[in-house]
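The values are calculated or read from the model by the stated rules, or taken from the named source; none is laboratory data. As the structure is a prediction and not an experimental result, all values here were calculated from the model. Cβ placement follows ideal geometry from the backbone for every residue including glycine, while neighbour counts extend to all protein chains displayed. Protein only, heavy atoms only, side chains kept; ligands, DNA and RNA dropped before computing areas. Shrake-Rupley method; radii C 1.70, N 1.55, O 1.52, S 1.80 Å.
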Amino acid sequence: MKHTYILKLFTVAMALSLAMIGCNTLVIAARAEDGFDMLVSPEQRKAELMARYGENKPITDDNYDKSLAVKCVNGTFVGQRADDIIAYKGIPYVGAQPVGEYRWKAPVEYTEDDGVYEAYYNGKAPCQRESVDESASLYMQGEDCLYLNIWKADDAGAGKKPVMVWIHGGAFEQGGTVDPAYDCHNLVKENPDVIVASIEYRVGVFGFFHLSHLPDGADYPDAQNLGLMDQMMALKWIHENIAGFGGDPDNVTIFGESAGGASVTLLPLVEGSHEYFHRVIAQSGSPVFTRSTEEAIACTDEVMELLGCKTVADLQKVEIKDLIATSGVLELRVWAERDGSFLPEDPYEAYASGAAKDIDLLQGCNKDEMGYFIFGFGLDLYNDWAAGRLEKKLSQLTDEEKVLVEEYMETARDVSAEYSSTSRLFDQITFIAPLFRLSENQTMAGGKSYTYFFTPESDIPLVRSGHAVELASVFDNHEFVRPFDETFSRTLRKMWVQFAKTGDPSLSADISPDGTEKVWPLYDLENRPVMIFDEDNIHAEKESERGIIDWDRTYFLTGYYCI
């Protein structure tokens with residue numbers, strides 16, 4: 001195998017640092033503060049985690065609690081009750097799992113099944129590199145990973161409820177619904193008037209790997225966007241089955257963070273998708289997390305060369321662990337593909353042309369997104385990575401554009417040795433500029449967009465208000481990170497739920513956790529209002545008052561996407 005030594009160094013670095021955009025890497029710091037043994041091996045951590053889980057089995061007799069059973073098209077699923085919340089975990093949403101002949105093929109639609117099955121445990125996490133934190137990567141993995149989970153309050157007869165469907169992040173490379181950060185028990189317990197689901201999908205080279213250009217690639221026309229196709233199939237299953245759980249199939253909101261945020265902004269552009277959901281909440285993710293067909297092919301060819309493969313048939317013979325390890329060379333380049341068929345070649349133009357104008361949009365990002373990556377890499381490794389990434393990005397620009405970027409970096413706000421002007425530029429390129437471009441385009445087309453900016457800072461060194469710090473507030477899961485102010489977090493959750501219920505996240509005084517009205521104005525092209533999530537003061541501002549984006553010197557960079 002070529003470049004083996006370099007590849008091993010790269011794989012180790014990635015496993016110990018970044019690897020999981022949008023997942024719970026912050027766990028490492030929190031566990032260290034609590035005396036967690038940082039030297040414990042992944043094998044030991046996996047054993048600890050696996051002790052908590054089991055495998056769903058068929059129920060072959062009549063000895064089960066009928067009040068916990070829901071009949072669906074592809075079976076009757078029996079959940080478990082705790083604290084008056086019923087959880088249904090590990091429900092398959094496909095007719096055949098993507099293994100063997102179905103690897104790199106579109107998801108197989110589920111079929112009718114009269115069987116009865118346990119829905120007690122999460123399905124397998126998708127195949128991915130392992131990390132030392134308590135994440136999906138340490139749970140049992142497999143290509144047979146296409147399952148979903150549902151949480152509902154135990155209040156039969158309460159009528160049809162709005163449905164919220166969570167799509168996890170992980171750079172389209174890692175993550176999973178089994179991550180404790182994404183458990184929806186607390187969210188539903190506090191808000192029993194909604195039903196919440198989470199869905200699994202293929203990641204990495206199993207979910208986003210262009211193959212059709214290879215000599216025998218004609219049989220794999222969808223391989224570049226299989227992860228998104230999985231999400232669509234899960235949403236179809238929810239649409240056709242959620243009524244049995246008490247949910248309203250005509251009032252579904254999809255929400256996600258990072259790659260999950262990108263997913264929920266891309267899915268409205270997929271033909272036929274609007275039948276399955278009506279609102280979108282995108283946290284720190286946008287269509288900027290995509291790549292062109294040419295870039296996708298280059299990524300595939302890079303992995304093929306390292307493996308010494310020429311065809312898909314060659315790839316099929318490679319051990320899964322070797323395929324995953326080698327694909328680590330792609331670092332943050334495993335994105336969905338703007339292939340011109342499943343996804344438009346220009347997602348922003350699609351928004352501007354009204355492709356999603358009937359979908360209500362709520363989206364935003366955090367003040368110091370790159371703090372997550374500074375912490376995850378470690379400062380020295382991060383600086384090396386950032387310097388290489390900056391050089392590559394500048395090489396894509398015209399001379400005039402380079403001058404604008406250099407001018408921005410000279411005046412970037414709040415920089416330090418730990419949080420450099422390069423980090424501020426990456427905040428703009430990757431999160432802030434795409435956020436505003438999406439709001440601008442959606443509004444321009446006559447659609448609704450509510451825009452936010454999240455500012456509370458973690459107490460973990462270097463992270464600040466970094467990528468994913470808002471997740472603890474969204475899910476009310478504070479086991480691993482410092483909880484933000486309780487009323488602040490409850491207000492954020494209530495706004496998310498209110499948006500899912502009505503399409504407007506504003507809160508009247510009678511439902512606002514602090515008893516005061518919270519008016520969240522629609523984005524408009526003149527005032528550009530943004531809801532500022534300051535920990536002690538959630539309020540609306542004109543973007544110009546906060547100066548969140550540099551319209552002249554960074555907004556144009558959205559045209560270059562992330563790769």
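Which of the aspartates and glutamates could a cross-linker span from LYS71 if the Cα-Cα distance has to be under 18 Å and same-chain partners fewer than 8 positions apart are dropped?
ASP61, ASP62, GLU109, GLU112, ASP113, ASP114, GLU118, ASP154, ASP155, GLU240, ASP248
State whether the chain is rounded, prolate or oblate according to the following rule on the C-alpha gyration tensor (a ≥ b ≥ c being the square roots of its eigenvalues): a/c under 1.5 gives rounded; otherwise a/b larger than b/c gives prolate, and the remaining case gives oblate.
rounded
Take the residue pairs LYS89/LYS448; LYS124/LYS367; LYS89/LYS501 and return only those whose Cα atoms are more than 30 Å apart.
Working: LYS89/LYS448 33 Å; LYS124/LYS367 34 Å; LYS89/LYS501 24 Å.
Table pairs above 30 Å Cα-Cα are LYS89/LYS448; LYS124/LYS367.
If amide H atoms are built 1.01 Å from N in the plane of the peptide, which residues on other chains or at least 5 residues away come under 5 Å of the amide H of ARG291?
Residues meeting the criterion, in which the H sits 1.01 Å from N, are ALA336, GLU337, ARG338.
For ASP552 and GLU486, what is the calculated FRET efficiency with R₀ set at 41 Å and r taken between the beta-carbons, to the nearest 0.05?
0.55
Expressed in nm to one decimal, what extension gain is obtained for the pair GLU55 and SER292 from 0.36 nm per residue of sequence separation less their Cα-Cα distance?
Taking 0.36 nm per residue and subtracting the Cα distance, the gain is 81.4 nm.
If you plug each phi of the range 84-100 into the Karplus form 6.51 cos²θ - 1.76 cosθ + 1.60 with θ = phi - 60°, what whole-Hz ³J(HN,Hα) values come out, in order, with x for Gly and Pro?
Here the 3J(HN,Hα) series is 6, 10, 9, 10, 10, 10, x, 7, x, 10, 10, x, 8, 6, x, 10, x Hz.
From Cα pairs below 8 angstrom and at least 6 apart in sequence, can you work out the relative contact order of the range 485-549, rounded to a whole percent?
Contact order relative to length: 22 percent.
At what distance in angstrom do the alpha carbon centres of the range 315-366 and the range 487-563 lie from each other?
Result: 25 Å between the Cα centres.
How much length is gained if the chain between GLU406 and GLU302 is pulled fully straight, taking 0.36 nm per residue apart and subtracting their Cα-Cα distance, in nm to one decimal?
Working: separation 104, 0.36 × 104 = 37.44 nm, distance 3.10 nm.
34.3 nm is the gain from fully extending GLU406 to GLU302.
Report the full-extension gain for the segment LYS392 to ASP510: residue separation times 0.36 nm, less the Cα-Cα distance, to one decimal in nm.
Extra length from LYS392 to ASP510 when fully extended: 37.3 nm.
So, with +1 on the Cβ of K and R and -1 on the Cβ of D and E, and no other charges, what is the size of the charge dipole of the range 237-356 about its Cα centre, to the nearest 20 debye?
I would put it at about 240 debye.
Contact order normalised by length for the range 304-422, with contacts defined as Cα pairs under 8 Å and 6 or more residues apart; what percent is it?
It rounds to 13 percent for the range 304-422.
Return the loop-located trypsin sites (Lys or Arg not before Pro) in the range 298-391 (DSSP other than H, G, I, E, B) with at most 16 other Cβ atoms within 10 Å of their own Cβ; answer none if there are none.
Here the sparse-neighbourhood loop sites are LYS310, LYS317.
Could you let me know the centre-to-centre spacing of the range 238-303 and the range 152-221, using Cα atoms, in angstrom?
Each part's Cα centre sits 9 Å from the other's.
Show me, for the range 349-357, the HN-Hα J-couplings you get by feeding each phi into the Karplus relation (A = 6.51, B = -1.76, C = 1.60, θ = phi - 60°), rounded to Hz, glycine and proline as x.
Each residue of the range 349-357 in turn: 5, 4, 4, 4, 8, x, 4, 10, 5 Hz.
With +1 on each Lys and Arg Cβ and -1 on each Asp and Glu Cβ, and nothing else charged, work out how big the dipole of the chain is about its Cα centre, in Debye to the nearest 20. Write out the running numbers ahead of the final one.
Numbers: 49 positive and 92 negative charges, 105 e Å.
Charge dipole, the chain, about its Cα centre: 500 debye, nearest 20.
Between GLU526 and LEU379, what is the label-to-label distance in nm when each label sits 7 Å out along the Cα-to-Cβ direction?
4.7
Do you know the relative contact order of the chain, to the nearest whole percent, from alpha carbon pairs under 8 angstrom that are 6+ apart?
14
To make sure I understand the rule: partners must be aspartates and glutamates, Cα under 13 Å from the Cα of LYS542, and not fewer than 8 residues away in the same chain. Which ones qualify?
ASP524, GLU526
Take the chain, mark every one of the GluC sites (Glu not before Pro) that falls in a DSSP loop and has at most 12 other Cβ within 10 Å, then report the longest stretch left between them, sites excluded.
No qualifying site falls inside 320-516, the longest such stretch.
Rounded, prolate or oblate, given the Cα gyration tensor of the range 295-446, with a/c below 1.5 counting as rounded?
Oblate shape, in that a/c is at least 1.5 and b/c is the bigger or equal ratio.
Order ASP514, ASP314 by their accessible area, 1.4 angstrom probe, all chains in place, largest first.
ASP514, ASP314
Non-local amide H neighbours of VAL165 (under 5 Å, H modeled in plane, Pro and chain starts lacking H): which ones?
When sequence neighbours closer than 5 places are left aside, the close amide H contacts are ALA197, THR253, ILE254, PHE255.
Amide H to amide H, which residues 5 or more places from VAL108 or on other chains are under 5 Å from it, using H placed in the peptide plane?
The answer is GLY95, ALA96.
Report the local net charge at ARG528: Lys and Arg +1, Asp and Glu -1, summed over other residues whose C-beta lies under 14 Å from its C-beta.
Summing Lys and Arg as +1 and Asp and Glu as -1 gives -4.
Calculate, for the chain, the solvent-accessible area per residue in square angstrom, rolling a 1.4 angstrom probe over the heavy atoms of the protein chains.
Result: 37 Å² of accessible area for each residue.
Through the Karplus equation 6.51 cos²θ - 1.76 cosθ + 1.60, θ set to phi - 60°, convert the phi angles of the range 432-442 into ³J(HN,Hα) values in whole Hz; use x for Gly and Pro.
My calculation for the range 432-442 gives 6, 4, x, 4, 6, 5, 5, 5, 4, 5, 5 Hz in order.
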